[in-house]
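J.: This is the structure, below, for whatever I ask next.
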Amino acid sequence: MDKFIECLKEISVSEWTGILTLFTVITGGIFGLVQWNKSNKYRRAEFIDSLVTNLRNDKELSIIVYMFDYDHKWYTQSFHNKEKELERVVDKTLSYFSYICYLRNNKILSKKDFSFFEYEIKRIAANRSVQAYLYNLYHFAKKNDCEHSFKYLFDYCYTNKLFIGCKDIKSISNSFPQYLNF
């Protein structure tokens, strides 16, 4: 113990200043990191809240999600020709969920964050009209050598085998009507 005290007495004032400065910088860095982490969590929570709030409060999205959830038959021969407003809001809704799947695919949304939307996505994938629409869009895009609409939603549902009643939506030909030219 005496040697330790002797050693401390031999440290100059400038060395003590350096030690204290280093300690202060480390403490400040840790404090800053903790504050940055809290701030990121808060911003992430606000972002998730905005996605959920938009989904719940946007009247068009709510109506279409309800239509998907209760498996209404909406994809018919007239969908692309006469039902332009329905096509617009269906595309808006599928785009919204495709964007959410894009965020999950790029790890912007964690699995925990994504869980807020899993029920709706499973119900969307189970809707036979959605399956028929995605089937038509997939093959139409393939014929035209381009990416299909709602790619991230389609890929998420396909990869996670969410297309209920379809073993392979990419290759099924008899189960769905062909309303697009492919």
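The values are calculated or read from the model by the stated rules, or taken from the named source; none is laboratory data. Small disclaimer: the values here were computed from a predicted structure and weren't measured. When we count neighbours, we look across all protein chains shown, and the Cβ atoms used for this are built from the backbone with ideal geometry, even at glycine.
J.: Name the single residue, out of those in segment 91-139 being outside any helix (DSSP H, G or I) and not β-branched (Val, Ile, Thr), that is farthest from Asn181 (Cα to Cα). Please lay out each step first, then the result.
T.: Restricting attention to segment 91-139, the residues satisfying the condition of being outside any helix (DSSP H, G or I) are 106-110, 115-117, 127.
Filter once more, keeping what is not β-branched (Val, Ile, Thr): 106-107, 109-110, 115-117, 127.
Numbers: Asn106: 32, Lys107: 35, Leu109: 36, Ser110: 38, Ser115: 36, Phe116: 36, Phe117: 32, Asn127: 22 Å.
That would be Ser110.
Every residue, every condition in (1) at pLDDT below 95; (2) more than 15 Å from the chain's Cα centre (by Cα); (3) surrounded by fewer than 13 Cβ atoms within 10 Å (Cβ to Cβ), yes or no:
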position	(1), (2), (3)
Cys101	no, no, no
Ile108	yes, no, no
Leu137	yes, yes, no
Thr159	yes, no, yes
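J.: Of the residues that make up segment 130-153, is at least one closer than 20 Å to Lys59 by Cβ and not hydrophobic (A, V, I, L, M, F, W, C)?
T.: No.
J.: Go through segment 72-83 and count every residue that is within 15 Å of Leu134 (Cα to Cα) and of a type outside the set (A, V, I, L, M, F, W, C). It would help to see each step written out before you state the result.
T.: Here is the first cut: in segment 72-83, the ones within 15 Å of Leu134 (Cα to Cα) are 73-77, 79-80.
Among the residues that remain, those that are also of a type outside the set (A, V, I, L, M, F, W, C) are: 73, 75-77, 80.
The number of residues fulfilling the criteria is 5.
J.: Across segment 52-75, what is the number of residues that are at negative phi and loosely packed, with under 15 Cβ neighbours inside 10 Å? Step through it out loud before you land on a result.
T.: If we filter segment 52-75 for residues that are at negative phi, which is where we start, we get 52-70, 72-75.
In the following step, the residues that additionally are loosely packed, with under 15 Cβ neighbours inside 10 Å were identified as 52-54, 56-57, 59-60, 62-63, 66, 70, 72-73.
Qualifying residue count, segment 52-75: 13.
J.: I'd like to check which helices (runs of 4 or more DSSP H) are fully inside segment 1-89 and have at least 1 residues that are more than 30 Å from Asn181 (Cα to Cα) and acidic (Asp, Glu). Working first, answer last.
T.: On the way: elements: 2-9, 13-57, 59-69.
Output list reads 2-9, 13-57.
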